[in-house]
Each structure stands twice: as structure tokens, then as C-alpha cells.
Amino acid sequence: MCTGGCAKCLGITLIPLAGLCALANILLFFPGGTVVKETEHITDEVWYFGGILGSGVLMIFPALVFSGLQNNDCCGCCGNHSCGKRFAMFSSIIFAAVGVVGAGYCFILSAVALHKGPKCDINGNWTYPFTDGNYLGDHAVWDDCKSPENLVPWHLTLFSLLLVMSGIQAVLCAIQALNGLFGTICGDCKCCGCCGNYFCKTSSI
């Protein structure tokens with residue numbers, strides 16, 4: 001597959017992942033699927049917007065850039081048909097780095113939130129009842145959270161999804177960084193219909 005085609009596939013995959021991460025973060029503002037009376041009752045890590053900003057908004061830019069690389073005008077500099085394509089592939093490496101940072105931000109926040117556990121009502125006192133992730137392997141302690149109902153599985157499921165999806169995003173962006181490097185050095189395998197000239201040309205190194 002050409003480097004531009006590979007980048008397009010990666011970009012198309014990143015877009016729904018970004019939307020799902022943002023949705024998961026939004027749902028975390030409703031612990032256990034309920035509306036809390038005080039914002040202080042929401043787990044702190046939710047307010048850092050890892051899924052909305054890191055794996056959501058910040059990931060849209062790399063996704064759009066990757067998706068458009070295949071159709072990028074490859075007639076770039078001084079009559080060199082592969083120059084524009086090479087520059088586009090080089091710029092995608094920068095956007096891939098941005099994507100890795102955004103996904104890494106969400107991944108770290110999700111890991112911290114999973115280890116820390118949710119904030120819940122313990123006899124009228126809103127606090128973090130779990131320590132060192134002890135609730136992950138001991139479901140019996142979930143009953144310590146009296147309110148909201150079903151908070152622990154809600155917290156565990158959504159942050160686990162964010163952890164997995166942000167990890168996938170980071171891997172995809174890393175793949176595009178390598179793909180972009182290859183495209184920068186070798187050029188794309190073809191330049192079609194650029195600058196009004198409809199032709200396909202194997203770019204030279």
C-alpha cells in the first residue's frame with residue numbers, strides 16, 4: 001500500500017476513536033448514570049478532560065491530516081513532482097507526534113483514575129474509599145460505595161475503555177510517524193492528477 005493510502009486508513013480509524021473517547025469522558029460526568037448534585041462529587045480525573053481534549057479534540061487534527069494525505073497535491077517545488085508529497089508526509093510526522101501526546105495524556109489519566117478508584121458517598125462523606133487499586137481484584141469492597149448506585153462498574157468500564165482506545169490511538173499515530181518518515185525519504189508510490197496533469201508516476205528517491 002502507498003504511504004498516502006496507509007495514512008488515509010489510519011486517519012479514518014482515528015476519527016471514530018476520537019468520538020468514542022469524547023463520549024466516554026462525557027458519560028463520566030454522570031457517575032453511575034445519574035446526575036450528581038455537586039460537581040465536587042465527580043472523580044477529579046474526569047475534570048482533566050483526557051477523553052475530550054487529549055484523545056478527542058487534539059486527535060481530530062492528526063486524523064484529518066492523515067485522511068487527506070492520499071489526495072494531497074504532489075506537484076510541489078521547482079517542477080519536482082514528488083516534492084509536495086514528501087513535504088506533506090514530513091508534516092504528518094509532526095501531527096503524529098501531537099496525536100501521541102494527546103493519546104498519552106488520556107492514557108495516563110485513565111491509568112491513574114483506575115488505580116485511584118472513584119469518588120463516592122461513604123456514610124454521607126464523599127471520598128476515595130479504595131487504595132492502591134485494591135478494588136480491581138476484590139469486588140466485595142465495591143459495596144463500600146453507598147452512592148451513586150453502580151458507580152464502581154461505571155467508573156471501571158469507562159476509564160478502561162479510555163485506556164484501551166487511547167492506547168490504540170497512540171499506536172496508530174506511531175505507525176503513521178514511521179509511515180511518514182518512509183514517505184518523506186522515498187516519496188509516495190504514485191502521484192496522480194496533480195496540478196491538472198492526470199498521470200501516475202513512480203517517484204524517484
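The values are calculated or read from the model by the stated rules, or taken from the named source; none is laboratory data. The shown structure was predicted, so the numbers you read here are calculated from the model rather than taken from an experiment. Areas reflect the complete protein model, heavy atoms only, side chains present, ligands, DNA and RNA absent. Shrake-Rupley method; radii C 1.70, N 1.55, O 1.52, S 1.80 Å.
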### Task
Being open to solvent by 20 Å² or more (accessible area, probe 1.4 Å), under 24 Å from Asn150 (Cα atoms) and outside any helix (DSSP H, G or I) is the filter here, so list the residues in the range 1-51 that pass it.
Phe29, Phe30, Thr34, Val35, Val36, Lys37, Glu38, Phe49
### Query
What number of residues within the range 5-52 are within 20 Å of Pro129 (Cα to Cα) and hydrophobic (A, V, I, L, M, F, W, C)?
7
